[in-house]
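Right, one structure below, let's go through it.
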Amino acid sequence: IKLAWYRTNQCLKPGDIWRMQVKLRVPNGVQNPGGFDAEKRALEQRWRAQGYVRQGVAHAGHAAGIDGLRSRISSAMAASLGERQARFVQSLAIGDTRQLDDADWQVLRRTGIVHLIAISGFHVGIVALAAAWSAFVLYWLVPSCGQVLARPKAMALAAIFAAWAYALLAGFAVATLRTALMISVFMLCRLCLRRVSVLLAVALAMAAVLCIDPFAMLSAGFWLSFAGVLLLLSFMPTGAGRNALKEFMRAQWLCAIGLLPLTIALFGQSTLVGPLANAVAIPWISFVVVPLALLGSLFWAWPA
């Protein structure tokens, strides 16, 4: 249910339980060509009803949960870095974009790096890889662990657990859910001693996403994320002796040009400086900012 609460000074926190009288109606909107489709948005977000608070408001307690944990981590970041400085770290680490204002989003759209600010599948991949390598180091330090479970299987289980734990912390966005499912498909096949192609893993991940949330196909992120992966699988070269920097630049231009028609169709706009901005922003944010933000989130309870 989507609720509006007008003329109030109440401070709402994730996990709070409130008792109130509300006025509800079926979600609807106008159908103007080129305009915003409010009914489609409500269907995509699974809003069964929308309305506003009328009266009889009373605070009935607080419930612990994943949303409360995300709120505490976000508050700790704000306390350590300041409200303005923490807003991008909050977005990159736990997907909390509440502090980003219209000016921030305008800059991100004009430079074409919006996809880097919201938690992407790359974040989940970093967490899963770190968990797998942590299991590898544990087996290296304590070889007797191999008597309980083989090291490759332990690494696979660690990657699956870390991917889903972080996807849960990030609010199960489409990109995180897709990546967690892909990692699970790969690792489960490894646990079962079966080989699976990347294309089959992507197809299984897409089928799983649609089984869990059929309305995900209404979101632009669903089509952009899977189209980007399929573009890279179709046109990126394979084989030995490849240049990492050359392939990175090739992937940037491939996604920028290949996803341009889809971007214009979904959003009605695009940016010419996007490929250049992404060439600088992607390595910096992906390999420096995001790992440090995730590491800081891991130790958020300690003033380190």
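Computed values, structure above
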read-out	value
Matching label, Cα Rg over 2.2 N^0.38 Å computed from the structure shown, candidates (i) 1.46; (ii) 1.37; (iii) 1.12	(iii)
R0 of 51 Å, Cβ-Cβ distance PHE136-ASN32: FRET efficiency to nearest 0.05	0.35
Gain on full stretching of the segment that runs from LEU276 to VAL107 - 0.36 nm per residue minus C-alpha separation	59.4 nm
Computed magnitude of the charge dipole of the chain (debye, nearest 20; Cβ of K, R +1, Cβ of D, E -1)	400 debye
Förster-model FRET efficiency, 51 Å R0, TRP284 and GLN55, C-beta, rounded to 0.05	0.50
Extension reserve of the ASP16-ARG195 stretch, reckoned as 0.36 nm per residue once the Cα distance is removed	59.8 nm
Net length gained if the chain between LEU43 and SER144 were fully extended (0.36 nm per residue, minus Cα distance)	31.1 nm
Amide proton proximity set for TRP18, modelled H, under 5 Å, gap of 5+	ALA60
Within region 36-74, backbone nitrogen closer than 13 Å to the virtual label 7 Å beyond the Cα of LEU218 toward Cβ	37-50
DSSP-defined beta bridges in the chain - what % are antiparallel, rounded to 5	75 percent
Pairwise Lys count, the chain - Cα closer than 23 Å, eight or more residues apart or different chains	5
Summed residue charge, Cβ within 13 Å of ASN28's Cβ, Lys/Arg positive, Asp/Glu negative	+3
Angle in degrees between helix 174-191 and the longest Cα principal axis of the chain, rounded to the nearest 10	30 degrees
Euclidean distance of C-alpha centroids, region 1-78 and region 134-181, integer Å	34 Å
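Values in this text are rule-based calculations from the coordinates and carry no lab data. Source: prediction; values computed, not measured. Positions of Cβ are backbone-derived with ideal geometry, glycine not excepted, and every protein chain shown enters the neighbour counts.
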